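The values are calculated or read from the model by the stated rules, or taken from the named source; none is laboratory data. In this text the structure is predicted, and so the values were computed from the model without any measurement. Cβ placement follows ideal geometry from the backbone for every residue including glycine, while neighbour counts extend to all protein chains displayed. Ligands, DNA and RNA are excluded from the accessible area calculation, which covers all protein heavy atoms including side chains. Shrake-Rupley method; radii C 1.70, N 1.55, O 1.52, S 1.80 Å.
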Amino acid sequence: MDFDHVHFFVEEAAISAQWFAQRLNLQWLGGLRRNGVRTEYLANGGVRVALSSAFEPHNSVATYLTQHPPGVGDLAFQVEDLSASIRCAIANGATLIQPTQRQGPVQWAIVSGYQNALQHTLIENKSDRSFWDWVIPELNPLVANDFGRIDHSVLNVPLGELQSAIAWYQSVFGLQARQQFQIQTPNSGLCSQVLVHPSGPVCLPINEPTCPNSQIHEFLLHHRGPGIQHLALSTHDLLTTVPQLRRQGLHFLPVPADYYFNIRSQISPQFPLPWSAIAEAEILLDCPDPQSSATLLQIFTQPIFGQPTFFFELIERRAQAQGFGERNFQALFEAIEAEQLRRTQALA
């Protein structure tokens, strides 16, 4: 099981497509108007993004936007056996939204996600070409190659629902529990369980707030229920990518002032790192194994829509670094909490 693409439901697809192209370097491949929905398609390397807006009522995009602000409406997965995946999903509580469709060697269907907060397109593709190449052959060819793939996606759920969300994705898609995090600051905290697929790179951490003033609760309040908080896009060279995207107007979360002093004291000096460049770019860094050169580099954007909901993570895994880096997770939480406090003070 792997990620195929992510589908955002937005107010104006054409305007959002311009933002994704200008800020994130995603290449515009083309657009379609179909069944009351306008969809723009963009990609870069292994990252594929669809943006849809509704110009007629009574479709999934229009329905989503009456219940939520713009965000991830569909997280699409590649599966080995579509028929078996559908049977398992329905047997364990998912709803079949769109029955199986076929185009050449590709077949797909759509099922509901947890609490109907989003949907999942399931794709069986036995060819070397992408799903979009078969179902939308009129799209422009892809030439951009800054990103590798979707590394992971994070789902936020309300207080008290973490275990039920874990159980849902375990039973419906066969995901298995891996890392678990508990982050706490003087003001708030979260619990997080990482889920992975046993025979594919899908990774889905699920977050639950520990108190009503948590940043996770703030997301849930503005998103009006559970939903995808962020997507991590893998990059080949984060130290080059981040300054370039900053010049193009992409805004990132600032890093706490003492972060680099603390992190340098925890990482072995036998693995030299470009600390000045890392600090100047405000990139988070972790070495999951102090005796290994495996290094995890991460940075997080500000929320990309009008409300403090969805944001992107850019991630580089050097020497096949695994996991997420617990120190980075803590630093991220504190950075988002600081932004949350600034928003609260600005409204006071």
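Here are the numbers for this structure:
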| read-out | value |
| --- | --- |
| All positions within segment 141-172 that are in a loop (DSSP other than H, G, I, E, B) and open to solvent by 30 Å² or more (accessible area, probe 1.4 Å) | 141, 142, 143, 145, 146, 158, 159, 160, 161 |
| Residue within segment 280-298 that is modelled with pLDDT of 85 or more, over 26 Å from residue 156 (Cα atoms) and open to solvent by 40 Å² or more (accessible area, probe 1.4 Å) present | yes |
| Candidate set from segment 17-48 (those that are closer than 28 Å to residue 245 by Cβ and of a type in the set (Lys, Arg)); member that is most open to solvent (accessible area, probe 1.4 Å) | 38 |
| From 226, 243, residue being without any contact (Cβ under 8 Å) to a residue 60 or more places away in the chain, within 30 Å of residue 43 (Cβ to Cβ) and open to solvent by 10 Å² or more (accessible area, probe 1.4 Å) | 243 |
| Segment 229-240: number of residues that are within 17 Å of residue 250 (Cα to Cα) and surrounded by 15 or more Cβ atoms within 10 Å (Cβ to Cβ) | 8 |
| Residue within segment 191-209 that is free of Cβ contacts under 8 Å to residues at least 60 places away in the same chain, farther than 20 Å from residue 311 by Cα, among the acidic types (Asp, Glu) and open to solvent by 10 Å² or more (accessible area, probe 1.4 Å) present | no |
| Candidates 205, 158 - the one that is touching a strand residue (DSSP E or B) at 6+ places or on another chain (Cβ under 8 Å) and within 28 Å of residue 319 (Cα to Cα) | 205 |
| Filtered residues of segment 238-258 (kept if farther than 19 Å from residue 303 by Cα, out of contact with any strand residue (DSSP E or B) (no Cβ under 7 Å at 6 or more places or on another chain) and not polar (S, T, N, Q)) | 239, 257, 258 |
| Some residue of segment 23-45 being more than 24 Å from residue 77 (Cβ to Cβ) and part of a helix (DSSP H, G or I) | yes |
